[in-house]
Amino acid sequence: MSNKTIEYNIKNIETLDTPALVVFPSIVKRNIQKLLASIDDVNRLRPHIKTHKTKEITKLLQEVGIQKFKCATIAETELLATCEAEDVLLAYQPVGAKVLRLIEIIKKFQKTHFSCLVDSLAVGEAMSKIALENKLTLSLYIDLNVGMNRTGIVPEKAFDLAIVLQKLPSLKLEGLHIYDGHIRDFELTIRTQNCNTAFQSVENLVEKLNEEGIQNLNIVAGGTPTFPIHAQRAKVECSPGTFVYWDKGYQDAYPEQDFETAALVISRVISLPEKDKICLDLGHKSVAAENPLDKRVFFLNAPDATFIGQSEEHLVLGVPENHTYQIGDVFYGLPIHICPTCALYERANLVENEVLTGEQWKTIARDRFISI
């Protein structure tokens, strides 16, 4: 490997069963420090835990003063509660049994302040009824749609929803939530312009709510692509998540963010089917497969291999006929999309000083249920 990737060398790699997820804690800690340096106030950070889903990284974040977190599943909510996080936003509108599970978590973990999203009056009314029956107050963020067109209500219609929610019993309107994941322009200047344009409607809504007496609402905005932009807005909380591990996709797309890739997938050659083909043990079940075949993983020590086919447990690569690969050779892969890749592994194997330590971080919240 080149000097740039020498840090990823694992001297005792023969002890690792593959495919496997490996993590370099020293890089994770550097990424956390880089996050802190990129914003004026640690209290404006509300990192999303969807990438790592672990207690260990949650604790590392808490140790540097981060106490607000964002998550997308009830299991992630419970994981944060078991870490005694001070403030947890479930960035999802809970419907049906999910509301009941959230209520149980609120009852069980009273040291943590919980909130969730809402974009529908019908859901707000249902949550009001359940909260009232359970003699507690649910804190809500209105989920605003500024162009992602996935969930949320457009800011122009959110005013009326806010007015009604304010009047429902056992509910507290705490803030506004904006996820602008559709803004992914490579050029930061263009991304900034598009982000500011989308955010203008949010500012208009805030001004209108202030005039109505609904003031001091928290604003949680953005993910990784727009983090550098929202970080410049006073009082707006930012929610990057991928920064802890980073990945090849974001490394290429957003070079202005100087995070380092801290997680790799390790695989081995398991067959030499033809003189110009090799087969690895890295199938759909071992690396995120939502991207085109050649945009799923980048092999640091085989950058010129071509991608021919992938199935559940196999990845076939094209190589020169005079290649020297042997069965058992190890491939170091940078996932293009680390978040869903992590969810494919029960645990991450830790590497310190180029050695597998035998320690593991369990990806606890990849499960749908922990205890509740």
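The values are calculated or read from the model by the stated rules, or taken from the named source; none is laboratory data. What you see is a predicted model, and the numbers here were worked out from it, not measured in a lab. Don't worry about glycine lacking a Cβ; one is built from the backbone with ideal geometry, like all the others, and counts go over all protein chains shown. Accessible surface is based on the protein model in full, side chains and every heavy atom, while ligands, DNA and RNA are left aside. Shrake-Rupley method; radii C 1.70, N 1.55, O 1.52, S 1.80 Å.
Tabulated data for the structure shown
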item: Residue match in segment 178-198 (condition: surrounded by 14 or more Cβ atoms within 10 Å (Cβ to Cβ), farther than 30 Å from I27 by Cα and in contact with a Gly (Cβ under 9 Å, 6 or more places away or on another chain)); result: yes
item: Every residue from segment 31-45 that is in a loop (DSSP other than H, G, I, E, B) and either among the acidic types (D, E) or farther than 22 Å from E256 by Cβ (or both); result: D40, D41
item: Among the candidates G222, G249, residue that is touching a residue at least 12 places away in the same chain (Cβ under 8 Å) and open to solvent by less than 10 Å² (accessible area, probe 1.4 Å); result: G222
item: Flag for G328 being of a type outside the set (A, V, I, L, M, F, W, C), crowded, with 18+ Cβ neighbours inside 10 Å, modelled with pLDDT of 95 or more and touching a strand residue (DSSP E or B) at 6+ places or on another chain (Cβ under 9 Å); result: no
item: Strands (runs of 3 or more DSSP E) enclosed by segment 245-322 - at least 2 residues per element that are over 30 Å from E56 (Cβ atoms) and of a type outside the set (A, V, I, L, M); result: 263-274, 277-280, 306-310
item: Spans of strands (runs of 3 or more DSSP E) in segment 46-149 with at least 1 residues touching a Lys or Arg at 6+ places or on another chain (Cβ under 8 Å) and modelled with pLDDT of 95 or more; result: 68-71, 87-90, 138-144
item: One residue from K172, K157 being in contact (Cβ under 8 Å) with a residue 12 or more places away in the chain, more than 26 Å from Q232 (Cβ to Cβ), out of contact with any Cys (no Cβ under 8 Å at 6 or more places or on another chain) and loosely packed, with under 15 Cβ neighbours inside 10 Å; result: K172
item: Residues located in segment 144-190, provided they are closer than 19 Å to P47 by Cα and in contact with a helix residue (DSSP H, G or I) (Cβ under 9 Å, 6 or more places away or on another chain); result: L144, L176, I178, D180, H182, I183, R184
